[in-house]
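Q: Below you'll find the structure I mean.
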Amino acid sequence: MRETSLSPDDFIYPVFVTHGKGVRKEIPSMPGCFQESLDKIAGHAKEIHSLGIPSVILFGIPQKKDEIGSGAYDNQGVVQTAIRVIKETVPELYVITDVCMCEYTSHGHCGVIEQGDVANDPTLDLLAKEALSHARAGADMVAPSDMMDGRVDAIRLALDDEGFPSVPIMAYAAKYASAFYGPFREAAESTPQFGDRRSYQMDPGNRREALREVALDIEEGADIVMVKPALSYLDIISDVRDAFDVPVAAYSVGEYSLVKAAAQLGWIDEQRLVMEILTSIKRAGADMILTYFAKDAVKLLNS
Ligand SMILES: [Zn+2]
């Protein structure tokens, strides 16, 4: 009679792909999560799929970064190659790709820099090129996380024009400027070298603004809208769920590190807390949850 219960189908597992060979480097602030080189990805994809997790989202750490983030739209780039490897090994695993520039730019910002600031419009072309290169490599869905104005529209047009009208877009629609991202930036090596992302991410104090951001992304053609982070933004997830008919995703980020750290100190019951947090995100209205806990949670669900 429980109103909300979790299932492996709820989860999308984030995977960090890096260059090199034989690399499986644990992310210090995210125990149990790794940066993995391309030769390790096939085995990991098989494991994820065999656990019953239907989907992954890929983040890339390129060998070289430059001002214009060329690695992001290189057809032989880490993410593009990882997509091909996964699709050859486990074609059933649904592959979503993060579309952003910050992992690929030397300055760590989500777009190109002009006059010391992120330039919105020139960034749109690069994001469209990046999304297209992912679709060509076989990505099932693309997920723009940059928060530039007009990027969903630019990506949709590019995908439609180049023969990928059925590749959906999951937009990071309500993405807050959050301290919960600290561990992720370590994982993706994408900490900005100057300034911060507050000019293009949302103020944590704003609730109604989230609905305006989500409405814009849906108008531009987003198929799924995402709220990020998740745990401190359950009200936003709930508002978005109530206001729109499209599927809602929630990205649980630094909560992972908090739980893992407290568990290492013996201060909390990790297993119960993981399930409670994930249940609350689903109860708030998320149809899918991007979480580093996905593998832990599925093992608990299956035990
Ligand atoms: Zn970014």
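Q: Please go through region 140-170 and pick out each residue that is open to solvent by 40 Å² or more (accessible area, probe 1.4 Å) and either modelled with pLDDT under 95 or under 24 Å from E209 (Cα atoms) (or both).
A: Once the filter is applied, which keeps residues that are open to solvent by 40 Å² or more (accessible area, probe 1.4 Å) and either modelled with pLDDT under 95 or under 24 Å from E209 (Cα atoms) (or both), region 140-170 yields D149, D153.
Q: Taking the criterion of being modelled with pLDDT of 95 or more, in a helix (DSSP H, G or I), charged (D, E, K, R) and buried (at least 17 other Cβ atoms within 10 Å of the Cβ), would at least one residue in region 257-267 satisfy it?
A: Checked against the condition, which is being modelled with pLDDT of 95 or more, in a helix (DSSP H, G or I), charged (D, E, K, R) and buried (at least 17 other Cβ atoms within 10 Å of the Cβ), region 257-267 yields at least one hit.
Q: Which members of region 280-296 meet the condition of being surrounded by 22 or more Cβ atoms within 10 Å (Cβ to Cβ), under 18 Å from the mean Cα position of the chain (by Cα) and assigned to a helix (DSSP H, G or I)?
A: I281, A294
Q: So, one more: For region 87-123, which positions are aliphatic (A, V, I, L, M), buried (at least 23 other Cβ atoms within 10 Å of the Cβ), over 20 Å from I41 (Cβ atoms) and modelled with pLDDT of 90 or more?
A: Passing the criteria: only M101.
Q: Can you name the residue in region 62-86 that is hydrophobic (A, V, I, L, M, F, W, C) and either under 18 Å from the mean Cα position of the chain (by Cα) or open to solvent by 50 Å² or more (accessible area, probe 1.4 Å) (or both) and, of all such residues, is nearest to the ligand (Cβ to nearest atom)? Write out each step before concluding.
A: Quick first cut of region 62-86, residues hydrophobic (A, V, I, L, M, F, W, C) only: 68, 72, 78-79, 82-83, 85-86.
This time we only want the ones that are either under 18 Å from the mean Cα position of the chain (by Cα) or open to solvent by 50 Å² or more (accessible area, probe 1.4 Å) (or both), so: 68, 72, 78-79, 82-83, 86.
Values: I68: 14, A72: 10, V78: 16, V79: 13, A82: 18, I83: 19, I86: 22 Å.
Result: A72.
Q: Another one. Evaluate region 257-268: report whether one residue or more is under 13 Å from D10 (Cα atoms) and over 18 Å from the mean Cα position of the chain (by Cα). First the steps, then the outcome.
A: As a first pass, look at region 257-268 and keep what is under 13 Å from D10 (Cα atoms): none.
Scanning region 257-268 turns up no residue that is under 13 Å from D10 (Cα atoms) and over 18 Å from the mean Cα position of the chain (by Cα).
Q: Please state which of the following conditions R208 fails to meet, knowing it meets all the rest: (1) free of Cβ contacts under 8 Å to residues at least 40 places away in the same chain; (2) among the basic types (K, R); (3) closer than 30 Å to Q35 by Cα.
A: Of the numbered conditions (1) free of Cβ contacts under 8 Å to residues at least 40 places away in the same chain; (2) among the basic types (K, R); (3) closer than 30 Å to Q35 by Cα, the odd one out for R208 is (3).
Q: Also, quick follow-up: Pick from T97, T105, T81: which is hydroxyl-bearing (S, T, Y) and in contact with a His (Cβ under 8 Å, 6 or more places away or on another chain)? Give the derivation first.
A: Values: T105 fails: in contact with a His (Cβ under 8 Å, 6 or more places away or on another chain); T81 fails: in contact with a His (Cβ under 8 Å, 6 or more places away or on another chain).
Being hydroxyl-bearing (S, T, Y) and in contact with a His (Cβ under 8 Å, 6 or more places away or on another chain) holds for just one of T97, T105, T81, which is T97.
Q: Any idea which of A173, A215, A137, A177 is within 16 Å of the ligand (Cβ to nearest atom) and either open to solvent by 10 Å² or more (accessible area, probe 1.4 Å) or under 17 Å from P62 (Cβ atoms) (or both)? Walk me through how you get there before you give the answer.
A: Working: A173 fails: either open to solvent by 10 Å² or more (accessible area, probe 1.4 Å) or under 17 Å from P62 (Cβ atoms) (or both); A215 fails: within 16 Å of the ligand (Cβ to nearest atom); A137 fails: within 16 Å of the ligand (Cβ to nearest atom).
Step by step, each of A173, A215, A137, A177 is checked, and only A177 is within 16 Å of the ligand (Cβ to nearest atom) and either open to solvent by 10 Å² or more (accessible area, probe 1.4 Å) or under 17 Å from P62 (Cβ atoms) (or both).
Q: Please go through region 218-228 and give me each residue that is in contact with a helix residue (DSSP H, G or I) (Cβ under 7 Å, 6 or more places away or on another chain) and surrounded by fewer than 24 Cβ atoms within 10 Å (Cβ to Cβ), ordered by number. Walk me through it before giving the result.
A: Restricting attention to region 218-228, the residues satisfying the condition of being in contact with a helix residue (DSSP H, G or I) (Cβ under 7 Å, 6 or more places away or on another chain) are 220-222, 225, 227.
Matches in region 218-228: E220, G221.
Q: Name, by its number, the condition in (1) closer than 25 Å to F194 by Cα; (2) among the aliphatic types (A, V, I, L, M); (3) within 18 Å of the chain's Cα centre (by Cα) that does not hold for I48.
A: Failed condition: (1).
Q: Sticking with this one: Across region 217-256, what is the number of residues that are touching a residue at least 12 places away in the same chain (Cβ under 8 Å) and in a helix (DSSP H, G or I)?
A: The first filter runs over region 217-256 and keeps only residues touching a residue at least 12 places away in the same chain (Cβ under 8 Å), leaving 217-218, 220-244, 246-256.
Okay, now just the ones that are also in a helix (DSSP H, G or I), so 217-218, 220, 231-243, 255-256.
Of the residues in that region, 18 qualify.
The values are calculated or read from the model by the stated rules, or taken from the named source; none is laboratory data. Keep in mind that this is a model prediction, so the values were computed, not measured. So basically every Cβ, Gly included, is an ideal-geometry build from the backbone, and we count neighbours across all protein chains shown. Remember, those area values only see protein heavy atoms, side chains included, never the ligands or the DNA or RNA. Shrake-Rupley method; radii C 1.70, N 1.55, O 1.52, S 1.80 Å.
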